[in-house]
Amino acid sequence: MGAERGSRAAPGGTARDSGSPVTPAEEAAALIPQLEAQERRLVLRSFTHEDAWHLGSMLVELARLREAPVAVDIRRGAQQVFHAALPRSSADNDAWIDRKRRVVERYAESSYLVGARFRAKGTTFEAASRLDPDRYAAHGGSFPVLVQDAGVIGSVTVSGLPQADDHALVVEALERFVAAGRTESATH
């Protein structure tokens, strides 16, 4: 578990009509609108410490049902308001959480979206961002906590699965969180 596992980005490995494969840059470019739409859709009216507990508990339950070896972290500003480490996760997952979370804090977008933007330009975050890769990782799994009229007030991060799966788990939990009425989406 020394590194985040592979990058399985949707739509993934499709071929063009001409029969030539889609390049990684084209694949990343095709993913960007979907990731941007998730962020526009998952803007909350508020996000309290109690909300963090409920969202974190929901993430843990989803991960347990899938026997996912993940660590989960939720922040409000600089404060860690939820953390859980499930069986088969490790301290390496906590290090990945910190690196992915720093990307959200710096760019105010999901770590997966930031990485996709660099890949769409035919480069990588590590090669082009000029940020220390020991401190920043634009790999999927950290999502901004966006609150209406306040912007990014924190982050929700999962580490332990391939990056697309880490990202998808966070998005699924946020969507369920909103649907359960824990907080209302600002866009509804």
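The values are calculated or read from the model by the stated rules, or taken from the named source; none is laboratory data. Worth saying up front: this structure is predicted, and the values here are computed from it rather than measured. With ideal geometry, Cβ positions are generated from the backbone for all residues, glycine too; neighbour counts draw on all protein chains shown. Side chains are part of the model used for accessible areas, which takes the heavy atoms of the whole protein and leaves out ligands, DNA and RNA. Shrake-Rupley method; radii C 1.70, N 1.55, O 1.52, S 1.80 Å.
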query = Quick one: ARG41 ticks every box in (1) in contact with a helix residue (DSSP H, G or I) (Cβ under 9 Å, 6 or more places away or on another chain); (2) open to solvent by less than 10 Å² (accessible area, probe 1.4 Å) bar one, so which box is it?
reply = (2)
note = Within segment 84-106, residues within 12 Å of SER155 (Cα to Cα) and surrounded by fewer than 19 Cβ atoms within 10 Å (Cβ to Cβ) come out as ASP98, GLU105, ARG106
task = Please indicate, with yes or no, whether at least one residue in segment 137-147 is open to solvent by 10 Å² or more (accessible area, probe 1.4 Å), touching a residue at least 40 places away in the same chain (Cβ under 8 Å), assigned to a loop (DSSP other than H, G, I, E, B) and within 22 Å of ALA52 (Cα to Cα).
result = no
inquiry  = So, in segment 108-136, exactly how many residues are free of Cβ contacts under 8 Å to residues at least 12 places away in the same chain and surrounded by 18 or more Cβ atoms within 10 Å (Cβ to Cβ)?
reply    = 1
request  = Please give the number of the condition PRO69 fails out of (1) touching a Leu at 6+ places or on another chain (Cβ under 7 Å); (2) surrounded by fewer than 19 Cβ atoms within 10 Å (Cβ to Cβ); (3) not in a loop (DSSP other than H, G, I, E, B).
outcome  = (3)
Selection within segment 23-38 - open to solvent by 60 Å² or more (accessible area, probe 1.4 Å) and either hydroxyl-bearing (Ser, Thr, Tyr) or closer than 7 Å to ALA120 by Cα (or both) = GLU26
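Quick grid of which residues meet (1) closer than 21 Å to ALA168 by Cβ; (2) in contact with a His (Cβ under 7 Å, 6 or more places away or on another chain); (3) in a loop (DSSP other than H, G, I, E, B); (4) of a type in the set (Phe, Trp, Tyr):
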{"residue": "ASP94", "(1), (2), (3), (4)": "yes, no, no, no"}
{"residue": "LEU113", "(1), (2), (3), (4)": "yes, no, no, no"}
{"residue": "PHE118", "(1), (2), (3), (4)": "yes, no, no, yes"}
{"residue": "PRO133", "(1), (2), (3), (4)": "no, no, yes, no"}
ask   = From the list THR123, THR157, which one is among the β-branched types (Val, Ile, Thr), outside any helix (DSSP H, G or I) and more than 18 Å from the chain's Cα centre (by Cα)?
value = THR123
